[in-house]
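Quick notes on the structure that follows.
The values are calculated or read from the model by the stated rules, or taken from the named source; none is laboratory data. Quantities reported herein were computed from a predicted structural model and do not represent experimental measurements. Positions of Cβ are generated from backbone atoms using ideal geometry, with glycine treated the same way; all protein chains shown enter the neighbour counts.
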Amino acid sequence: MEKETELLREEFQRREEEHKIELALAKNRVRNIKAAMAILQPEKIAKGEDGEADIDGYIADFRKENSWLFENDGYTVSTARPHGRAESRSYDKMSDEEFYRTVMGEI
């Protein structure tokens, strides 16, 4: 009975650590948590002076090494114009002639 209880405690602690890591990954905008969890090595997470794992520090290093797994912090600005008919037009603001030319593909 004591052995089973100890095994359950270990399993609980392992899952709690996994959830903390997953939360830290989500906060750092990881693209795929499962892929990140498969790559990272939780046994390499250093313990702080208080005995708690330094998950944030490990995730910061992990993000530098595997930047492709994370979304960019900056914004991407596209200078390209829409192609073909992807250009957004408001038909209700067009004259009848403009509408029919647009629909028929003349513009």
If I filter segment 88-99 down to residues being at pLDDT below 80 and among the hydroxyl-bearing types (Ser, Thr, Tyr), which single residue comes out as nearest to the chain's Cα centre (by Cα)? Ser88
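May I ask you to verify whether Ala46 is among the hydrophobic types (A, V, I, L, M, F, W, C) and modelled with pLDDT of 90 or more?
On the way: among the hydrophobic types (A, V, I, L, M, F, W, C): yes; modelled with pLDDT of 90 or more: no.
So Ala46 fails the test.
Looking only at residues in segment 53-87 that are part of a loop (DSSP other than H, G, I, E, B), acidic (Asp, Glu) and out of contact with any Lys or Arg (no Cβ under 6 Å at 6 or more places or on another chain), which one is modelled with the lowest pLDDT? Walk me through it before giving the result.
If we filter segment 53-87 for residues that are part of a loop (DSSP other than H, G, I, E, B), which is where we start, we get 54, 66, 71-83, 87.
Going one step further and asking which of them are acidic (Asp, Glu), we end up with 54, 71, 73, 87.
Now drop any that are not out of contact with any Lys or Arg (no Cβ under 6 Å at 6 or more places or on another chain), which leaves 54, 73, 87.
On the way: Asp54: 86, Asp73: 69, Glu87: 56.
Checked segment 53-87; the qualifying residue modelled with the lowest pLDDT is Glu87.
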Go through (1) aliphatic (A, V, I, L, M); (2) out of contact with any Lys or Arg (no Cβ under 9 Å at 6 or more places or on another chain); (3) closer than 24 Å to Asn72 by Cα for Val30 and report which single condition fails. (2)
